[in-house]
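Working notes, beginning with the structure itself.
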């Protein structure tokens, strides 16, 4: 009998999680779900985050130290950043086009605005995001460069939010390893090669629990969802965001077919476990180990490329989030009856692009970016809490959707860069039990 593919198992887990969550809502089982079901999903996400930093460190150092020609790394870096900027601009442009054509904000009644304002404008999470955005806005123009360089490597390695610092340290160490000569570098290189293999095996083991974990994560999302009436009032806005995200996936498929000459449906099938985990966790950082495993082993991207492109992408490539910024900013102005000029919309493109570079790859980071975007186009400070309150109710489900696009974009760009430097080969799938017979 043929084994059920992992993505089907995860889909079944998600479906059962949704059903279980709705049943718990009807029977008043929210406390039971939060006490007994939610921890299973939380442990799974913690395990993925646990191995994210060691995987970035090991794979990036291995990838760079395997390079025979250091100029290849420069080519990979320039192409990666260039393609990420292009895809982000495309995403923002799609969002602006859709929100201007469909105008979801015009259909929001004053009663709905009043209800949303009353419910969310004093929300502690909303206030925290406004404060965080103000802190980022007040920083200097080169602050993001300064933030990339750690003053303590061990401190950077202990915090998942400092992924850019880990990438900087890994690149610095990898290049230095190249420059001391192959003989002297051999012991340390051997250590990181072994560490990389161990961490990838940990990914395989963690993924055995993925179907159960996404069941728990989705069940918790359902029982902790907001007032259905409010969600319905924001359906048109959410629909515009989701339509834009679907169009972005279509564009990725066109890129895959055009630049890499691979079948887009095959690409989506191979990357689907990472997409489903991105949807369940709302975190590019938590999904990163799985994305790297799928791209390297199931798609055939060489580690020299994936080890740089994917960690950088998880940090600075926020196509789905940037598209959401564009739609949300214009929607808020439409709903509040305020005008946006063409130059304001160009400002949204530039601000969303720059904000995405410094955005953390964690749930809710998009809301902080949105505050920066809204302030850049002159939304009065007193209306800022109201603006965020308008979209806060549907932020989590949309965060789940846009994280899928972020992860798919990372995988697409890694394929394009790999193809351009001749590093896109055949898949070499490894299973968790490949060496089990030797040790059982």
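Sorted by average packing, counted as other Cβ atoms within 10 angstrom per residue and highest first, what order do 271-284, 22-35, 394-407, 114-127 take?
271-284, 394-407, 114-127, 22-35
With each pseudo-label sitting 7 Å past Cα toward Cβ, what's the residue 31-residue 246 distance in nm, one decimal?
4.1
Using alpha carbons only, how many degrees (0 to 90, rounded to 10) separate the axis of helix 395-420 from the longest principal axis of the chain?
Roughly 40 degrees between the two axes.
Label residue 106 and residue 175 with points 7 Å out from Cα along Cα→Cβ: what is the distance between them in nm?
Modelled inter-label distance: 5.3 nm.
State, in angstrom, two size descriptors of the stretch 133-225 derived from its alpha carbons: Rg to one decimal place and Dmax to the nearest whole number.
When restricted to the Cα atoms of the stretch 133-225, Rg and Dmax are 19.5, 58 Å.
Compute the helix-to-body angle for 264-281: its Cα long axis versus the longest principal axis of the chain, expressed 0 to 90° and rounded to tens.
Roughly 60 degrees between the two axes.
Quantify how much of the Cα-Cα distance distribution of the stretch 216-302 extends past 23 Å, in percent. Numbers along the way, then the final one.
Numbers: 1442 of 3741 pairs.
Roughly 39 percent, rounded to a whole number.
Classify the stretch 1-144: rounded, prolate or oblate, from the alpha-carbon gyration tensor (a ≥ b ≥ c, eigenvalue square roots; a/c under 1.5 rounded; otherwise prolate if a/b is larger than b/c)?
Note, shape of the stretch 1-144 comes out oblate.
If I fit a long axis through the Cα atoms of helix 342-358 and take the longest principal axis of the Cα atoms of the chain, what angle between them do I get, 0 to 90°, rounded to 10?
Long axis of 342-358 versus the principal axis of the chain: about 40 degrees.
What is the projected area of the convex hull of the Cα atoms of the stretch 163-287, averaged over all directions, in nm²?
The number I arrive at for the stretch 163-287 is 11.8 nm².
What ranking, highest mean first, results for peptides 88-100, 414-426 when packing means the other Cβ atoms within 10 Å averaged over each residue?
With the highest mean Cβ count within 10 Å placed first, the list reads 88-100, 414-426.
From Cα coordinates alone, what are the radius of gyration and Dmax values for the stretch 343-440 in angstrom?
Computed over the Cα atoms of the stretch 343-440, radius of gyration and Dmax are 20.6, 66 Å.
How high is the relative contact order of the chain, in percent, counting Cα pairs under 8 Å that sit 6 or more residues apart?
32
Can you give the percent of C-alpha pairs in the chain whose distance is more than 35 Å?
Pairs farther apart than 35 Å: 30 percent.
Can you tell me which of 307-316, 146-155 comes out highest on packing, and rank the rest after it, using the mean Cβ neighbours within 10 Å?
By packing density, highest mean first, the sequence is 307-316, 146-155.
How would you classify the stretch 63-216 from its alpha-carbon gyration tensor, with a ≥ b ≥ c the square roots of the eigenvalues: rounded for a/c under 1.5, else prolate if a/b is greater than b/c, otherwise oblate?
prolate
Read the figures in this text as sums done on the coordinates, not as results from a lab. Because the structure is predicted, anything quoted here is derived from the model rather than measured. Cβ atoms come from the backbone with ideal geometry, glycine included; neighbour counts cover every protein chain shown.
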